[in-house]
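Structure record follows, encoded as structure tokens.
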Amino acid sequence: MEIYLPIAQMSVQWPVILGLGFVIGFLSGVFGVGGGFLLTPLLIFYGIPPGVAVATTANQIAGVTFSGVLTHWKRRSVDFKMGAVLVASGLVGSAAGVWLFAVLRRMGQAEFTVSASYVLLLGAVGAIMLNESVRTWRARRDGLSTSGNRSGQHNWVHGLPLKMRFRQSRLYISVIPPVVLGFIVGILSAVMGVGGAFVSVPAMIYILRMPTNVVVGTSMFQILFVTASTTMLHAADNYTVDTLLALILILGGVIGVQYGVRAGAKLRGEQLRFLMALIVLVVALGLFWQLVIAPADVYSLTGATP
Amino acid sequence: MRALVLALLLLAAPASAEETLTSGLSQDYLQITSTFTGSELTVFGAVENPRAGGTRDIVVVVRGPDTLMTIRRKDHIAGLWINNARAKMWLPSYYFITATRPLRAFADADTLGRYELGLGNLRADTVASDGDAKPYADALVRTQKRAGLYIQTDAGVEMQSATLFRVHVPIPAAVPRGSYNVEVYLFRAGEVTAAQSTPFYVDQAGFERRVFEFAHTSPLTYGLFTVLMAVALGWASTFFFRART
């Protein structure tokens, strides 16, 4: 049941990798996240070199997300105009992120920076989502009316210039917040090996005030292009994309995502957000724990070049 | 019976000829294929023109290609464990050593150090950011031992007769590619009296090799191909699932 990976240069149990791909694909279908924030740490934990894990995860997310984008396109739940703005700024961000990652790696701080940013981002995002979803859930139970589309409410975003109309999202807002969001997500994709949905989905809901039903589709659209470009950059610069590893992950992933989309359709918005908040917080706590407890060996081999 | 006596006489006769070694490998080329889960190399050999009397000891070393290793040390800073100091050193990516007896039983520290025999005697041009290089070198040996890439056993040389020997060298799945060297030493009275070295190659083969070469010779095309493969699989899955539901 073992197979040798040509780029990672090690053999793995392929059923384990296939199962990992399925679980991540399932979560991806349910929540509209790429699942990279779980897959990258799990692959590293399994023993895949971190560089290969980051680059190959980006490719797996691109593959799994494509079927999700098609599914959402058919349901007309993708805002292509918003997606295009996010992708354009995301490509610039991912190039900046690849440069930043190279600098951090030379300093020997890449691993710590990645873990610390995971803890901060996942912790903050998870806490906000958990709080919001619990309040909505309670309000619904108590019979109070909750409006799904809060585009009528105004926040600081509406004071910014360069307004643009996004018809699919029923929004007329400044183009600055989506551009900044796209750029940040691009950096995260290159540095952390994630699609960045755990940042962009909450930002779309709470800052841009996009309707929840187009958020997931649009986020997937953005992730598809940003992860595809990240894969190309890593393949060209670092030779760290493993086709065989990606193939097994995607096979598991595309099957998982189909079941995930179906399961997700049966759950209400705030239930989805509650579950995702829990997963995000558990990962954040796990990573924080690793930074705090004394390591088994304070010395570690961080690089070997022939 | 007479033939045997004659043979023994013939072997003992050229007393002036020096005692030397011949050795060979079960294979001089190890191919890593998709089902590769580690392997075993057999080193075998014989002592030629054996001299009577005294004890002979044989040491077998397998060295992988030298690699620039970076070792970092974490320190407890503000409650968090952060990489704070580092050392770089050139050391073999794979090292195996065994002998007929524990090394220190037949050779002194100076001799072992001169020939770099034993995990404690690997010489590295270490540059440590905080001055003392020793703990970094020790840490590297620990890490490589855990990965099964540094191996030292006491009595792995099997003597099949007074002069014929054989050694089984475990090759783990994570073995690095490159050019290896198998060294055999003959010890007499604490000194090396004969030595022989044979090259050995580890490389990928078949599909794995083609993928590896594709990724390194035309990386951008390879990246594009990988992305397209991912997207095509994603697309194909939607047809498959639509057909079933």
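The values are calculated or read from the model by the stated rules, or taken from the named source; none is laboratory data. The shown structure was predicted, so the numbers you read here are calculated from the model rather than taken from an experiment. Reconstructed Cβ throughout: ideal geometry from the backbone, glycine too, with neighbour counts over all protein chains shown. For accessibility, only protein heavy atoms count, side chains too; no ligands or nucleic acids. Shrake-Rupley method; radii C 1.70, N 1.55, O 1.52, S 1.80 Å.
For the range B:99-121, residues that are open to solvent by less than 30 Å² (accessible area, probe 1.4 Å) and free of Cβ contacts under 8 Å to residues at least 40 places away in the same chain total 4. All of (1) assigned to a strand (DSSP E or B); (2) open to solvent by 30 Å² or more (accessible area, probe 1.4 Å) hold for B:Ala236 with one exception: (1). Please enumerate the residues belonging to the range A:172-197 that are open to solvent by 10 Å² or more (accessible area, probe 1.4 Å) and free of Cβ contacts under 8 Å to residues at least 60 places away in the same chain. Answer for the range A:172-197, where residues must be open to solvent by 10 Å² or more (accessible area, probe 1.4 Å) and free of Cβ contacts under 8 Å to residues at least 60 places away in the same chain: A:Tyr172, A:Ile176, A:Pro177. Once the range A:255-273 is narrowed to residues that are modelled with pLDDT of 85 or more and within 18 Å of the chain's Cα centre (by Cα), the residue that is farthest from the other protein chains (Cβ to nearest Cβ) is A:Gly260.
If I filter the range A:118-133 for residues that are under 15 Å from the mean Cα position of the chain (by Cα) and closer than 18 Å to A:Gly303 by Cα, do I get at least one hit? No - not one qualifying residue is present in the range A:118-133.
So in the range B:55-78, with the set limited to residues that are more than 11 Å from chain A (Cβ to nearest Cβ) and not acidic (Asp, Glu), which one is surrounded by the fewest Cβ atoms within 10 Å (Cβ to Cβ)?
The selected residue is B:Thr55.
Listed here are the residues, each with its yes/no results for (1) within 14 Å of chain A (Cβ to nearest Cβ); (2) of a type in the set (A, V, I, L, M); (3) over 20 Å from B:Thr67 (Cα atoms); (4) outside any strand (DSSP E or B).
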| residue | (1), (2), (3), (4) |
| --- | --- |
| B:His168 | no, no, yes, no |
| B:Ala174 | yes, yes, no, yes |
| B:Tyr180 | yes, no, no, no |
| B:Phe187 | no, no, yes, no |
| B:Asp203 | yes, no, no, no |
| B:Phe207 | yes, no, yes, yes |
| B:Phe214 | yes, no, yes, yes |
| B:Val227 | yes, yes, yes, yes |
| B:Ala232 | yes, yes, yes, yes |
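Filtering the range B:80-98 to residues that are at the interface with chain A (Cβ under 8 Å from one of its Cβ atoms) and either in contact with a strand residue (DSSP E or B) (Cβ under 6 Å, 6 or more places away or on another chain) or open to solvent by less than 40 Å² (accessible area, probe 1.4 Å) (or both) leaves B:Trp81, B:Ile82, B:Asn83, B:Arg86, B:Ser93.
Here A:Ser200 clears all of (1) in contact (Cβ under 8 Å) with a residue 40 or more places away in the chain; (2) of a type outside the set (A, V, I, L, M); (3) within 14 Å of another protein chain (Cβ to nearest Cβ); (4) under 20 Å from A:Ser117 (Cβ atoms) except the condition numbered (3). Checking the structure you have, find out if any residue of the range A:172-192 is part of a helix (DSSP H, G or I), modelled with pLDDT under 85 and of a type in the set (S, T, N, Q). Yes: the range A:172-192 contains one or more residues that are part of a helix (DSSP H, G or I), modelled with pLDDT under 85 and of a type in the set (S, T, N, Q).
The set of residues in the range A:229-243 being in a helix (DSSP H, G or I) and either more than 9 Å from chain B (Cβ to nearest Cβ) or open to solvent by 20 Å² or more (accessible area, probe 1.4 Å) (or both) consists of A:Ser229, A:Thr230, A:Met232, A:Leu233, A:Ala236, A:Asp237, A:Asn238.
Would you say A:Leu100 is closer than 23 Å to A:Ser300 by Cβ, at pLDDT 85 or above, open to solvent by 30 Å² or more (accessible area, probe 1.4 Å) and of a type outside the set (Gly, Ala, Ser)? Reasoning before the result, please.
Numbers: closer than 23 Å to A:Ser300 by Cβ: yes; at pLDDT 85 or above: yes; open to solvent by 30 Å² or more (accessible area, probe 1.4 Å): yes; of a type outside the set (Gly, Ala, Ser): yes.
When the stated conditions are applied, A:Leu100 passes them.
Among the residues examined, B:Gly156 qualifies as surrounded by 19 or more Cβ atoms within 10 Å (Cβ to Cβ) and part of a loop (DSSP other than H, G, I, E, B). Would you call A:Ile248 more than 10 Å from chain B (Cβ to nearest Cβ), more than 18 Å from the chain's Cα centre (by Cα), surrounded by 21 or more Cβ atoms within 10 Å (Cβ to Cβ) and in contact (Cβ under 8 Å) with a residue 12 or more places away in the chain? Spelling it out, A:Ile248 is indeed more than 10 Å from chain B (Cβ to nearest Cβ), more than 18 Å from the chain's Cα centre (by Cα), surrounded by 21 or more Cβ atoms within 10 Å (Cβ to Cβ) and in contact (Cβ under 8 Å) with a residue 12 or more places away in the chain.
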